[in-house]
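The structure appears below as structure tokens.
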Amino acid sequence: MTYSEVANRLRVAGIENYDGEARMLIEHVCASSPLTDGEYESEALVLAVDKRCSGYPLQYILGKWWLARCEFFVDESCLIPRADTECVIEEAVKLLPPGARFADLCAGSGCIAISILDLRRDTEADAFELYPKTLELACRNAAHNHVESRFCGIAGDVNDECLLGLKKYSAIVSNPPYIRRDVVPTLAKDVHFEPVAALDGGIDGLDFYRAIVRNFAKNLDEGGAFIFEIGYDQAKDIEKIALDGGFSCRIKRDLGGNDRVAILTRRNCNC
Ligand code: GLN
């Protein structure tokens, strides 16, 4: 197949960034920069193009993806890092006090904790993840980005109120599953290849926020904050969960102008 044939097949399959994706697929599979008139005799390339045309995510085919300043290994055991998540990272980087220890709950590929550790070399993180295979991936990602000495991966469920023990953190960050259960089947085709456990936030999409605020408020330092990624339409609901738990809530928007981050601090605190 030539470069233009690859790009054309992707375009016909409805892939928006067909040019860029053709380039990335050829580079990945053939380990060569795509030449406009080059012919690639590669069975693996045909298979990769077929796979991509069927809606399988580019990121899983490449086995890696990028967020903030880091490169992450990704596979079907984790959610694909999304640019929206950069605003969670940005808020944490701004808010964490010098030398802070923070927790990342539902860590997935580890992209949030690792990006923060990369940008704030004075901090340390405990990253909690339910699925052992995903946790292993997060630990590989920590090593790949040279932050493993400040990253501790821990297996466990955020529904377990003892998960964090007696530890105290300056911040607890999380991008938990937050899609309403009835919306999950209606998501774009490629999202169906991502782990449903990383998407499904229960009937109203809010199960994880409720569990995290209820179970782990005790694990925040006095001036500490929860920093959550939220769905574009969840600000009001999160404000309510915050108030019920004794927290006030600030909402930040992403680059697309959608509500995307909720920052919860104790109501009796002037920070
Ligand atoms: N925290 C991970 C991420 O941002 C995983 C999120 C999830 O599994 N819902 O990609």
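The values are calculated or read from the model by the stated rules, or taken from the named source; none is laboratory data. All values reported here derive from a predicted model rather than from experimental measurement. Cβ coordinates were reconstructed from backbone atoms using ideal geometry, including for glycine residues, and neighbour counts include every protein chain displayed. All accessible areas refer to the heavy atoms of the entire protein, side chains included, with ligands and DNA or RNA removed. Shrake-Rupley method; radii C 1.70, N 1.55, O 1.52, S 1.80 Å.
Below, the figures for the structure above:
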quantity: Extent along principal axes [Cα atoms of segment 200-242; Å; largest to smallest]; calculated: 31, 17, 16
quantity: Protection-proxy order for peptides 45-51, 132-138, each taking the mean of Cβ atoms within 10 Å per residue, highest first; calculated: 132-138, 45-51
quantity: Sparse-neighbourhood loop sites, trypsin sites (Lys or Arg not before Pro) in segment 74-114 - DSSP loop, at most 15 other Cβ within 10 angstrom; calculated: 82
quantity: Net charge dipole size for the chain [Lys, Arg +1 and Asp, Glu -1 on Cβ; Debye, nearest 20]; calculated: 980
quantity: Probe 1.4 Å, accessible area per residue of segment 1-114, Å²; calculated: 46
quantity: Computed Rg/Rh of segment 100-248, alpha carbon atoms with Kirkwood Rh; calculated: 0.96
quantity: Cβ-based charge dipole, the chain, positive-most Cα from 212, 201, 28; calculated: 212
quantity: Over segment 1-120, relative contact order from alpha-carbon pairs under 8 Å, at least 6 apart, %; calculated: 20
quantity: Length-normalised contact order of segment 156-261 in % [C-alpha pairs under 8 Å, at least 6 apart]; calculated: 31
quantity: Share of Cα-Cα pairs in segment 221-271 lying beyond 13 Å, as whole percent; calculated: 52
quantity: For the chain, diffusion coefficient by Stokes-Einstein and Kirkwood Rh (Cα), 10 °C, 1.306 mPa s, µm²/s; calculated: 81
quantity: Mean Cα-pair separation over length for the chain, i.e. relative contact order, pairs under 8 Å, 6 or more apart, %; calculated: 14
quantity: Restraint check, 167/252; 94/240; 94/252; 94/218, Cα-Cα greater than 18 Å; calculated: 167/252; 94/240; 94/218
quantity: Surface per residue (accessible, 1.4 Å probe) for segment 138-271, Å²; calculated: 50
quantity: Mean Cβ neighbour count within 10 Å, used as a protection proxy, ranking 180-190, 149-159 highest first; calculated: 149-159, 180-190
quantity: With every protein chain in place, the chain: carbon and sulfur % of accessible area (1.4 Å); calculated: 52
quantity: Pairwise FRET efficiency - residue 144 versus residue 232, Cβ, R0 = 45 Å, nearest 0.05; calculated: 0.90
quantity: Debye log10 I(q)/I(0) for segment 133-178, one point scatterer per Cα, at q = 0.18, 0.31 Å⁻¹; calculated: -0.72, -1.20
quantity: Ordering of 170-178, 69-77 by burial proxy (mean other Cβ atoms within 10 Å per residue, highest first); calculated: 170-178, 69-77
quantity: Alpha-carbon centroids, segment 21-95 and segment 207-271: separation in whole Å; calculated: 32
quantity: Cα-based convex hull, segment 160-261, per residue volume (Å³, whole number); calculated: 111
quantity: Test item: Cα-centred dipole of segment 143-271, Lys/Arg +1 and Asp/Glu -1 on Cβ, debye; calculated: 460
quantity: Full-stretch length increase - residue 253, residue 44 - with 0.36 nm per residue and alpha-carbon distance subtracted; calculated: 71.1 nm
quantity: Estimated [θ] at 222 nm from DSSP helical runs (n ≥ 4, -39500 (n - 2.57)) normalised by residues in the chain, nearest 500; calculated: -10000 deg cm²/dmol
quantity: Estimated FRET transfer efficiency when R0 is 41 angstrom, pair residue 160-residue 122 (beta carbons, to 0.05); calculated: 0.85
quantity: Eligible lysines near residue 189 by straight Cα distance, threshold 22 Å, same-chain separation 8 or greater; calculated: 51, 64
quantity: Computed over segment 1-149, Kirkwood Rh from alpha-carbon pairs, angstrom; calculated: 16.8
quantity: Shape parameters for segment 9-74, alpha-carbon atoms, Rg then Dmax in Å; calculated: 12.0, 35
quantity: Dipole of the chain, positive direction: furthest Cα of 73, 242, 54, with charges on the beta-carbon; calculated: 242
quantity: Amide hydrogen neighbours beyond the local backbone of residue 2, cut-off 5 Å, H modeled; calculated: 40
quantity: With Cα atoms, 0 to 90° folded angle of helix 132-144 axis to the chain main axis; calculated: 80
quantity: Choice from 40, 131, 169 showing the highest fluctuation, given a GNM over the chain with Cα pairs closer than 10 Å; calculated: 40
